[in-house]
Amino acid sequence: MPKKIMLLGSGELGKEFVIAAKRLGQHVIAVDNYDNAPAQQVADEREVIDMLDGTALDRIVAEHRPDIIVPEIEAIRTERLYAYEERGIRVVPSARAVNFTMNRKAIRDLAAQELGLRTARYRYASSLDELRRAIDEIGLPCVVKPLMSSSGKGQSTVKSSGEIEKAWRYSQSGKRGDSTEVIVEGFVDFHTEITLLTVTQQNGPTLFCSPIGHRQERGDYQESWQPCPILDEQLREAQDMAEKVTRALGGAGIWGVEFFVADDGLYFSELSPRPHDTGMVTLAGTQNLTEFDLHARAVLELPVPEIALLRAGASAVILADSEGNAPVFTGIDTAMLQPGTDIRLFGKPSTRPYRRMGVALVSGEPDTDTAELRKQAASAAEKITVTSS
């Protein structure tokens with residue numbers, strides 16, 4: 001019998017998850033704070049509420065009585081998830097995991113203090129004065145992030161004391177939720193950032209995808225590639241860290257576990273308890289199962305016997321550069337002339353500067369140089385122009 005799944009947050013990652021769940025015969029209610037969000041376009045039902053409003057969240061859960069709740073974003077009254085779980089609704093991967101990972105303070109303290117994972121030096125601050133003191137302790141350069149945010153919103157690198165007040169203001173404008181608190185991280189001189197997609201199962205072993213390299217600007221992902229070459233011992237260390245932290249949080253699903261790879265070793269960075277934006281490269285057919293297929297299987301307690309790397313691939317984002325509605329895309333036909341190229345448009349109904357509107361995907365044989373694939377993906381993305389009214 002199909003499960004009734006309530007998806008909290010209906011962006012592009014949620015849209016691909018809904019497609020994967022529908023292919024397995026499930027019923028999905030897609031929830032977001034605006035109508036016609038990407039995942040709502042392919043779901044069975046939709047709800048439009050402010051998910052930070054606990055009363056509104058309680059209302060739709062009581063009305064729809066889902067079997068499973070799948071959070072996709074941070075802007076949720078996450079403490080309500082514990083009560084839903086107690087009533088027999090399964091929260092993915094678990095209410096504990098969502099509450100910890102939606103808050104950088106909880107997950108960082110768990111990783112660094114309880115599990116002993118190597119992280120950047122860090123402090124917390126709840127005011128501009130506290131931020132100045134924290135930066136005095138950590139030193140410059142450093143990174144300032146709201147405890148709750150996504151896609152790099154509110155995040156900035158501080159290189160001089162004159163930038164501290166600006167960083168504080170930006171953190172408050174980009175935060176999600178009620179807390180003003182920020183985390184201040186010492187700058188890690190890394191040469192590579194990777195995402196290790198990790199699949200936990202109710203009735204099977206923890207599995208790992210091949211590492212995904214990625215590059216960010218303004219704290220947001222711009223391109224990703226798979227596989228990302230790292231040393232064997234670094235891969236084993238990353239897998240060990242990922243297994244420790246996901247086991248501590250519990251539950252089944254896919255996790256995006258991020259690491260910095262530096263000359264002096266590997267650093268745990270962040271963790272998302274859901275499909276990861278950098279993992280959109282798996283839509284290029286790099287694996288036998290995309291990250292969304294893997295998440296759907298884990299959520300539904302269906303077996304994942306193995307994850308196999310089939311092809312090398314790269315992704316590059318397609319961005320809007322102005323604010324408007326009813327976006328129009330030109331240049332798609334030109335971009336698709338390149339062999340091995342695919343384009344995915346997310347269906348977002350409005351634009352704003354730097355908003356991610358789609359992704360260009362390129363794949364090649366397993367031994368293809370990913371540097372060349374990255375160039376091809378970036379070239380395809382650049383050929384597409386987004387305009388709006």
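The values are calculated or read from the model by the stated rules, or taken from the named source; none is laboratory data. All of these numbers come straight from a predicted model, not from anything done at the bench. All Cβ positions, glycine included, derive from the backbone under ideal geometry; neighbour counts span all protein chains shown. Each accessible area value is taken on the protein alone, full model and side chains, heavy atoms only, with ligands, DNA and RNA left out. Shrake-Rupley method; radii C 1.70, N 1.55, O 1.52, S 1.80 Å.
Overview of values
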| read-out | value |
| --- | --- |
| Those chymotrypsin sites (Phe, Trp or Tyr not before Pro) in the stretch 1-109 that DSSP places in a loop and that have at most 16 other beta carbons within 10 Å | Tyr34 |
| Proximal lysines to Lys3, defined as alpha-carbon separation beneath 16 angstrom and excluding residues fewer than eight positions away on the same chain | Lys22 |
| Local net charge near Lys175, Cβ-Cβ under 14 Å (Lys/Arg +1, Asp/Glu -1) | +3 |
| Alpha-carbon centroids, the stretch 217-239 and the stretch 283-301: separation in whole Å | 19 Å |
| Solvent exposure of the stretch 289-364 as accessible area per residue, Å², 1.4 Å probe | 42 Å² |
| Dipole magnitude of the stretch 100-141, debye to nearest 20 (Cβ charges: Lys/Arg +1, Asp/Glu -1, about Cα centre) | 140 debye |
| Mean separation of Cα contacts under 8 Å (6+ apart) over length of the stretch 225-269, as relative contact order % | 32 percent |
| Glu306 - accessible surface, heavy atoms, 1.4 Å probe, Å² rounded to 10 | 110 Å² |
| Taking the chain and dividing mean pair separation by its residue count, relative contact order in percent (alpha carbons under 8 Å, at least six apart) | 13 percent |
| Accessible surface, per residue, of the stretch 1-65 when the full set of protein chains is kept, probe 1.4 Å, Å² | 43 Å² |
| Cα radius of gyration and Dmax for the stretch 192-278 (Å) | 12.4, 39 |
| Whole-Å semi-axes of the ellipsoid equivalent to the stretch 83-189 (Cα gyration tensor, √5λ, descending) | 28, 16, 10 |
| Within the accessible area of the chain (1.4 Å probe), percent carbon and sulfur | 47 percent |
| The chain - charge dipole about Cα centre, Lys and Arg +1 at Cβ, Asp and Glu -1, debye rounded to 20 | 660 debye |
| Value of relative contact order over the stretch 97-177, rounded to a whole percent, pairs C-alpha under 8 Å and six or more apart | 24 percent |
| Whole-Å semi-axes of the ellipsoid equivalent to the chain (Cα gyration tensor, √5λ, descending) | 28, 26, 23 |
| Signed unit charges on C-beta, dipole axis of the chain, positive-most listed residue Ser171, Ile230, Ala75 | Ala75 |
| Dipole magnitude of the stretch 207-354 about its Cα centre (Cβ charges: Lys, Arg +1; Asp, Glu -1), debye to nearest 20 | 440 debye |
| Debye log10 I(q)/I(0) at q = 0.10, 0.16 Å⁻¹ for the stretch 148-297, Cα point scatterers | -0.38, -0.94 |
| Which of Phe260, Phe292 is most accessible, then next, and so on - probe 1.4 Å | Phe260, Phe292 |
| Cα centroid of the stretch 75-92 to Cα centroid of the stretch 137-210, whole Å | 25 Å |
| Under the Karplus curve 6.51 cos²θ - 1.76 cosθ + 1.60, θ = phi - 60°, whole-Hz ³J(HN,Hα) for the stretch 305-322, x wherever Gly or Pro sits | x, 7, 10, 10, 7, 9, 9, 8, x, 8, 10, 9, 7, 10, 10, 7, 10, 8 |
| Over the stretch 1-118: Kirkwood hydrodynamic radius from C-alpha pairwise inverse distances, Å | 14.6 Å |
| Of Lys348/Lys383; Lys15/Lys375; Lys348/Lys375; Lys105/Lys175; Lys15/Lys348; Lys175/Lys383, those spanning more than 22 Å from alpha-carbon to alpha-carbon | Lys15/Lys375; Lys348/Lys375; Lys175/Lys383 |
